[in-house]
Amino acid sequence: MKRIKVMVVDDNPQFASAAAQFLAGNGGFEVLANAHSGGEALVRVDDEQPDLMFIDISMPGLNGLAVASLIKAKEDPPKIVMMTLEDSEGYRRGALAAGADAFLAKNDFARDLCDVVHTVFGPCAARTS
């Protein structure tokens, strides 16, 4: 099965690194890059051409909702999963309005990853052992 090319966008370098390591060790993913700001994500998305982006909602400057909206306006955009520590109905609605394909609370990243990937791509390519 083809590996899913992923980019993690989060202003917290520790979370971005941990998420990237978890995804890389999962077998179903090829982690292309981390971006630590919305602006960096916008610059790198065209060069990296990910299949899937995990984007934090709360970032200084260009927040994740704005980034998702701008990326989804591109021709043939990647799938986008919005993430946040502050899981609320307002953030979930905002993520969908911005064009996100799914929402994932950061606290549930490891546990819910397979379900989210299934929602976005169909049967889960990821192993969550």
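The values are calculated or read from the model by the stated rules, or taken from the named source; none is laboratory data. Given the structure is predicted, the values throughout are model-derived calculations rather than measurements. Note that we place each Cβ from the backbone using ideal geometry, even for glycine, and neighbour counts take in every protein chain shown. Each accessible area value is taken on the protein alone, full model and side chains, heavy atoms only, with ligands, DNA and RNA left out. Shrake-Rupley method; radii C 1.70, N 1.55, O 1.52, S 1.80 Å.
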### Query
Once the dipole of the chain is set up with Lys and Arg at +1 and Asp and Glu at -1 on Cβ about the Cα centre, which of Gly25, Asn63, Ala73 lies farthest towards its positive end?
Gly25
## Note on the structure
Once both label points are put 7 Å beyond Cα along the C-beta direction, the Asp76-Arg111 separation in nm becomes 3.8 nm
### Pairwise centroid distance, computed over Cα atoms, of region 1-61 with region 91-116, Å
14 Å
### Query
With a ≥ b ≥ c the root eigenvalues of the C-alpha gyration tensor of region 42-97, is it rounded (a/c under 1.5), prolate (a/b larger than b/c) or oblate?
prolate
### Summary
Note to self: with every protein chain in place and a 1.4 Å probe, the chain gives an accessible area per residue in Å² of 49 Å²
### Normalised alpha carbon radius of gyration of the chain [divisor 2.2 N^0.38 Å]
0.93
#### Entry: Pair Gln14, Glu48: separation of 7 Å Cα→Cβ label points (nm)
2.1 nm
### Message
Within the chain, what whole-number % of the accessible surface is contributed by carbon and sulfur, with the 1.4 Å probe and all protein chains included in the calculation?
### Response
49 percent
### Task
Taking the Cα centre of region 1-104 as origin, sum charge times position over the Cβ atoms of Lys and Arg (+1) and Asp and Glu (-1), and report the length of that vector in debye to the nearest 20.
240 debye
